[in-house]
Amino acid sequence: TKTISKCYVQVTGMTCASCVANIERNLRREDGIHSILVALMAGKAEVRYNPAVIHPSAIAELIRELGFGATVMENCGEGDGILELVVRGMTCASCIHKIESTLMKTNGVLYCSVALATNKAHIKYDPEIIGPRDVIQVIKDLGFTASLVKKDRSASHLDHKQEIRQWKRSFVVSLVFCIPVMGLMIYMMVMDSQLSDAHAHHNMSSEEMEARHSSMVLEYQLLPGLSVMNFLSFLLCVPVQMFGGWYFYIQAYKALKHRTANMDVLIVLATSIAFAYSFVILLVAMAEKAKVNPVTFFDTPPMLFVFISLGRWLEHVAKGKTSEALARLISLQATEATIVTLGPDNVLLSEEQVDVELVQRGDIVKVIPGGKFPVDGRVIEGHSMVDESLITGEAMPVTKKPGNTVIAGSINQNGALLISATHVGADTTLSQIVKLVEEAQTSKAPIQQFADKLSGYFVPSIVAVSVVTLFAWIIIGFVDFEIVEKYFLGYNKSISAAEVIIRFAFQASITVLCIACPCSLGLA
């Protein structure tokens, strides 16, 4: 017997099924080539050849001569079939040994490992020699039951519904509490400007007196040092910090656990510090029974959370749209196949329904009118029209006669066909398309990778800058107090200079954090 080797060639420049047929037809004529199988979507040719006559590089050269790009793929392990089975009826380690040793002796099985705890068997095999049904049969002959690990065909891992719900909730909570906070803030600003105008003219009209009164209501102290305005802001801020920011806290915690800093860390840092600082300032003011209400930052967290959670929500909605299309593609796959055994002269001997994952290369599959093709294959017998619009977009049915190729997922229309399976499982055109779309979704755009890399440096540097700000102002304050006095308006003369400086320094450094946090980079 002459030895047969197998190699894989990456083929580029194929546009349609006729390119595939062209390559296959021409290479079959060459000496030393046993068989060739080309997958269009994967851009891959699997060639079985006689190494004594021809080399893989020569095969690639032959494909190049036909006008396509071709390179020999080094990692040939890709052609191995991988099978995961659930094996029932194992009781002890000797059962495992029995299954493993029997399978390893079986021709075509390359690797096998069985786990008793999970009842799972992991098997690598050569699809040329053996297939999943044969492996399951071997295990059954040993007295165990084996079945495929059920693949989740619903594509639930592509489902963004839960994230969409979670960010929507986060956004709504933040928004509900953000609007009153913003309202209060704008109101205070307007009132303050009216008051300062009045002060400038020294003559107060009745409206301005009213304005003053109404702003006095918000400035009114419930307890010494605790104004209505600050109290309301605090009440509105707490739920946002708790519920609106919940997911940010979880994400930030995970990031810090792995010693990385992402946007979530910055958001959490800015909001928490603004919240904590404002809270502490209020407590200090109440302890001091201060006459002037302290400046708080309770408006920062709700507004930040509103913008960011809105962004996240929209992002997941967009992702969900792509995934929907993918889930629809996956749902086009047939779930079962009718495998037939042929006698001489293509006489039907028997047929059985099997799971589509159990179809092996070389199986004869019968497809009835109105049925879906479970795998890619070649027609052996029968004439029919086939609707291939799922792949080609071509609404007119295509005629199929013996020798034509058919695509998994397309619909057989008016005649029964017998096809020989050429690409099964993950190699079918449909599975390859799904895989390509999944890869496109999971891989990041170069600019996105760059942004992620930047934000890795961005977060620590912002924190550093705000710390520098803090110390710089403390130093400036102690060297020249008048500068601080100039910028820090309306502080109470009764508190000590040192405290004024520290408060002002904190205010400056938190402002840096809060402004840097929703920077365009993070939002984008």
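Between the residues 431, 9, 92, the greatest Cα displacement towards the positive end of the dipole of the chain, with unit charges on the Cβ of Lys, Arg, Asp and Glu, is found for 92. Residue 16 exposes around 50 Å² of accessible area when a 1.4 Å probe is run over every protein chain in place. For residue 94 and residue 29, the FRET efficiency from 1/(1 + (r/R0)^6), where r spans their Cβ atoms and R0 equals 56 Å, is about 0.60.
Placing R0 at 45 angstrom, the Cβ-Cβ distance between residue 84 and residue 381 gives a FRET efficiency of 0.85 after rounding to 0.05. Helix 228-239 and the longest principal axis of the C-alpha atoms of the chain enclose an angle of approximately 20°. Each residue of segment 109-124 was assigned a 3J(HN,Hα) from its phi angle through the Karplus expression (A = 6.51, B = -1.76, C = 1.60, θ = phi - 60°), giving 8, 9, 7, 8, 9, 10, 10, 6, 4, 9, 6, 10, 10, 10, 10, 10 Hz with x at Gly and Pro.
Kindly state, to the nearest 0.05, the FRET efficiency for residue 347 paired with residue 246, given R0 = 56 Å and r defined as their beta-carbon distance. Approximately 0.25, to the nearest 0.05. In the chain, the DSSP-assigned H stretches of four residues or longer account for a calculated mean residue ellipticity at 222 nm of -17000 deg cm²/dmol, using -39500 (n - 2.57) per stretch and the full residue count as denominator.
Computed over segment 328-381, the convex hull of the alpha-carbon atoms projects to a mean area of 4.2 nm². Taking the C-alpha atoms only, the angle from helix 56-65 to the longest principal axis of the chain is near 80 degrees. Annotation: extensible slack from residue 52 through residue 186 equals 39.7 nm (criterion: 0.36 nm per residue apart, minus Cα-Cα distance). Summarising the label geometry, the points placed 7 Å from Cα in the beta-carbon direction at residue 420 and residue 478 lie 8.9 nm from one another. A simple rule links phi to the HN-Hα coupling: the Karplus curve 6.51 cos²θ - 1.76 cosθ + 1.60 with θ = phi - 60°, which for segment 277-286 gives 4, 4, 5, 5, 4, 4, 4, 4, 4, 5 Hz, with x for Gly and Pro. For residue 44, list the lysines whose Cα falls under 26 Å from its own Cα; do not include residues on the same chain fewer than 8 positions away. List returned: 2, 6, 124, 151, 372, 400, 401, 435, 444. Helix 161-201 and the long axis of the chain differ in direction by around 20°, with both axes built from C-alpha atoms. Viscosity 1.306 mPa s, temperature 10 °C: Stokes-Einstein D of the chain from its Kirkwood Cα radius, in µm² per second? Answer, rounded: 53 µm²/s.
The values are calculated or read from the model by the stated rules, or taken from the named source; none is laboratory data. If you're wondering where the values come from, they're calculated on a predicted model, not measured in any experiment. All Cβ positions, glycine included, derive from the backbone under ideal geometry; neighbour counts span all protein chains shown. Remember, those area values only see protein heavy atoms, side chains included, never the ligands or the DNA or RNA. Shrake-Rupley method; radii C 1.70, N 1.55, O 1.52, S 1.80 Å.
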